[in-house]
Amino acid sequence: MTFVSAEPTPPGAATPVPNRIAGAPISWGVCEVPGWGYQLEPNVVLRQMRELGLAATEFGPEGFLPDDPTAKAATLAGYGLKAVGQFVPVVLHDPGHDPLPEVERAMDGLVAASASTVVIAAATGQEGYDERPVLDESGWSTLLGNLDRITDAASTRGLVATLHPHVGTMVESGEETGKVLAGSRIGLCLDTGHLHIGGGDPVAVAQQHPGRIAHTHLKDVRIDWVRRVQSGEVTYTEAVAGGMYVPLGQGDVDVKAIVTALEDSGYAGWYVLEQDCILAGSPATGSAEPNPVADVRASIEHLLAVADEAAAAGPSAAGE
C-alpha cells in the first residue's frame, strides 16, 4: 500500500492528510516500560512501516534507534522514513529535578533528523503507568513553569514542544489537561485514546482548543475496557494486553468528529497512528496477537476515508 503522493504540494496549499500520516513503534508493541512484552527489532518495524505506505515515524523509546543523533537520522533515512518527533517522559513536578538537560538531549536527535516536534509527558518518577501520586499546588506550579521553559528551549532549536496527556502520568485527565492549557504556553499533543481513558473529551478539546493542538496521536479504544480501568478493576497494562486499543473506527472514539474539527480549523500537523499493544511473541510465528501490520493498515484506511469525507463536506459547524 502506497498512499503518499509523489506530487509536490502547491505553494500556499494545505498539505493533504495522506502526506501527514505517521507511525509509531508502540503500534508494534515497542515500549519503554520494563516487561511490556515481546520487543520487535527496529529493522522489522521500520520496514513494515514503509511497506504500509507510511511516510514518517516517531522515534520510539530510548534504545530503539541508535543513541547518536546522526546515526538515528541515518537509520530512518535508510528506510525512506522522515522523523516526526519523540515521546519524552520526564519528571516535571519535582523542584529538585531539572528536566531540561534530558529534554535537550532528545532535541539533539530531533534536530539531526529534521523532526518537528518534541512530545513531553509529565512522568511520575515511577516505572510504568499503573499508579501515580497526587500533585499539590506547589507541584503544579513547578510543572507548569517547566513546561514553559521547555517550550522556549524547543523554539530556539526550531522545534515545537507539546504536552501529551497520558494515563499514569501527572497529566492524564480532562481537568488536568485544562490546567495545562490555562497555565502554560506549551502546545498540546492531542492523544485521543489517553485523554478518553483519563476521563477527558477529545472531541470537545479538538473543537474548543484547535489553536493549541500542535500534534495528534490518533487512537481508538473500547469503552468497556476504559470503564474497567477507570473503576480500578484492572490496571492500564492489563487493559492494553486485553485489547483496549483497537484500529481506528473499531472502537468508541469519534475519530471522524476529531479529524473534521482539526481540518476545519486549519490544522497542518501530523496524525500519528498509535495503537498501544503488547505482543506475547513474534508476529512472524503466526501465533501472536494482535497483528500490528493488519491493525495499522485498517487504521490507515479508516483515517483516509474520514479525511475524504471531511474534505468533501467542507467546513462544518464545528469549525465555524
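For segment 266-287, what are the residues that are buried (at least 17 other Cβ atoms within 10 Å of the Cβ) and either in a loop (DSSP other than H, G, I, E, B) or β-branched (V, I, T) (or both)? First the steps, then the outcome.
Step one: of segment 266-287, the residues buried (at least 17 other Cβ atoms within 10 Å of the Cβ) are 267, 269-279, 283.
Selection gives Y267, G269, W270, V272, E274, Q275, D276, C277, I278, L279.
Please go through segment 220-250 and pick out each residue that is of a type in the set (D, E, K, R) and assigned to a helix (DSSP H, G or I).
Taking segment 220-250 as the starting set, the residues that turn out to be of a type in the set (D, E, K, R) are 220, 222, 224, 227-228, 233, 238.
If the condition is that a residue be of a type in the set (D, E, K, R) and assigned to a helix (DSSP H, G or I), then D224, R227, R228, E238 are the ones that fit.
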What number of residues in segment 29-62 are in contact with an Asp or Glu (Cβ under 8 Å, 6 or more places away or on another chain) and in a loop (DSSP other than H, G, I, E, B)? 5
All positions within segment 210-253 that are under 18 Å from G199 (Cβ atoms) and touching a Leu at 6+ places or on another chain (Cβ under 6 Å): D220
Considering (1) at pLDDT 95 or above; (2) open to solvent by less than 20 Å² (accessible area, probe 1.4 Å), say which one L195 fails and leave the rest. (1)
Among all residue pairs at least 6 apart or on different chains, which show Cβ distances below 9 Å where the first residue, located in segment 157-185, is farther than 20 Å from G211 by Cα and at pLDDT 95 or above and the second is of a type outside the set (D, E, K, R) and not in a helix (DSSP H, G or I)? R157/V118
Qualifying residue in segment 202-216 (condition: crowded, with 23+ Cβ neighbours inside 10 Å, out of contact with any strand residue (DSSP E or B) (no Cβ under 9 Å at 6 or more places or on another chain) and at pLDDT below 95): no
Within segment 225-240, is even one residue buried (at least 20 other Cβ atoms within 10 Å of the Cβ) and either in contact with a strand residue (DSSP E or B) (Cβ under 7 Å, 6 or more places away or on another chain) or under 20 Å from G23 (Cβ atoms) (or both)? yes
Can you name the residue in segment 141-170 that is buried (at least 18 other Cβ atoms within 10 Å of the Cβ) and in contact with a Lys or Arg (Cβ under 8 Å, 6 or more places away or on another chain) and, of all such residues, is farthest from A122 (Cα to Cα)? T151
Going by what's in this entry, would V111 be described as over 19 Å from P202 (Cα atoms), surrounded by fewer than 21 Cβ atoms within 10 Å (Cβ to Cβ) and not acidic (D, E)? yes
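Taking V253, is it over 15 Å from I26 (Cα atoms) and part of a loop (DSSP other than H, G, I, E, B)? Break it down stepwise before answering.
On the way: over 15 Å from I26 (Cα atoms): yes; part of a loop (DSSP other than H, G, I, E, B): yes.
When the stated conditions are applied, V253 passes them.
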Just to check your reading of the model, which residue among F59, F3 is modelled with pLDDT under 85 and either out of contact with any Cys (no Cβ under 9 Å at 6 or more places or on another chain) or open to solvent by 80 Å² or more (accessible area, probe 1.4 Å) (or both)? F3
Return yes or no: is D98 open to solvent by 20 Å² or more (accessible area, probe 1.4 Å) and in a loop (DSSP other than H, G, I, E, B)? yes
Among (1) over 29 Å from A280 (Cα atoms); (2) surrounded by 17 or more Cβ atoms within 10 Å (Cβ to Cβ); (3) small (G, A, S); (4) touching a residue at least 60 places away in the same chain (Cβ under 8 Å), where does A73 come up short? (4)
Output the residue which, of all residues in segment 241-258 that are among the hydrophobic types (A, V, I, L, M, F, W, C) and out of contact with any Asp or Glu (no Cβ under 9 Å at 6 or more places or on another chain), is most open to solvent (accessible area, probe 1.4 Å). A241
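Evaluate segment 172-191: report whether one residue or more is at negative phi, touching a Gly at 6+ places or on another chain (Cβ under 7 Å), of a type in the set (A, V, I, L, M, F, W, C) and crowded, with 20+ Cβ neighbours inside 10 Å.
At the first step, the residues of segment 172-191 found to be at negative phi are 172-191.
Checking which are touching a Gly at 6+ places or on another chain (Cβ under 7 Å) leaves us with 172-174, 177.
Checking the rest, the ones that are also of a type in the set (A, V, I, L, M, F, W, C) come to none.
The answer is no; no qualifying residue exists.
The values are calculated or read from the model by the stated rules, or taken from the named source; none is laboratory data. Please read these numbers as outputs of a predicted model, since none were measured by experiment. Please note: Cβ atoms are built from the backbone with ideal geometry, for glycine as well, and neighbour counts cover all protein chains shown. When the accessible area is computed, the model is the full protein with side chains, heavy atoms only, and any ligands, DNA or RNA have been set aside. Shrake-Rupley method; radii C 1.70, N 1.55, O 1.52, S 1.80 Å.
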